[in-house]
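Presented below is the structure to which this report refers.
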Amino acid sequence: MVAGIPLAAAPPESNEILPLSQVRAGMQGYAYTVFAGDQVEKFDLVVVGVMPNFMGPKQSIILVELKGPKVEHTGVVAGMSGSPVYLEGKLAGALSLKLGVFYKGSAGGRDAD
């Protein structure tokens with residue numbers, strides 16, 4: 001996304017912010033991003049945990065697993081940073097990091113058919 005260029009608007013969401021202290025592993029939520037063109041799309045996610053002070057003092061991150069066919073194999077990719085993340089219908093943050101590369105196939109190196 002480029003600042004100053006309007007994209008197709010995502011459905012309006014609550015302006016309420018979910019405090020970090022209320023975020024728990026297992027919470028389900030969703031995020032919005034643009035995969036192609038200017039169409040805003042929603043995808044699901046689940047909270048894996050909160051990593052306190054990960055980036056420095058008082059700079060914690062919410063670790064999530066992305067769900068859905070477009071994101072399960074790619075995870076967060078370039079251009080998704082800043083995509084809003086909602087938990088319990090409240091703004092919880094935005095996508096910003098991809099931690100490591102996790103292989104999604106079988107241990108033998110071939111994906112099951």
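The values are calculated or read from the model by the stated rules, or taken from the named source; none is laboratory data. It should be emphasised that the depicted structure is a prediction, and the values quoted were computed from it without experimental measurement. All Cβ positions, glycine included, derive from the backbone under ideal geometry; neighbour counts span all protein chains shown.
For every residue, the table says whether it meets (1) closer than 14 Å to residue 86 by Cα; (2) modelled with pLDDT under 85; (3) surrounded by 13 or more Cβ atoms within 10 Å (Cβ to Cβ).
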{"site": "35", "(1), (2), (3)": "no, yes, yes"}
{"site": "38", "(1), (2), (3)": "no, no, no"}
{"site": "43", "(1), (2), (3)": "yes, no, yes"}
{"site": "50", "(1), (2), (3)": "no, no, yes"}
{"site": "57", "(1), (2), (3)": "no, no, no"}
{"site": "60", "(1), (2), (3)": "no, no, yes"}
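The one condition from (1) among the small types (Gly, Ala, Ser); (2) in a strand (DSSP E or B); (3) free of Cβ contacts under 8 Å to residues at least 60 places away in the same chain that residue 31 does not meet is (3).
Just checking, does segment 2-16 include any residue being over 17 Å from residue 97 (Cα atoms) and at pLDDT 85 or above? Yes, segment 2-16 contains a residue that is over 17 Å from residue 97 (Cα atoms) and at pLDDT 85 or above.
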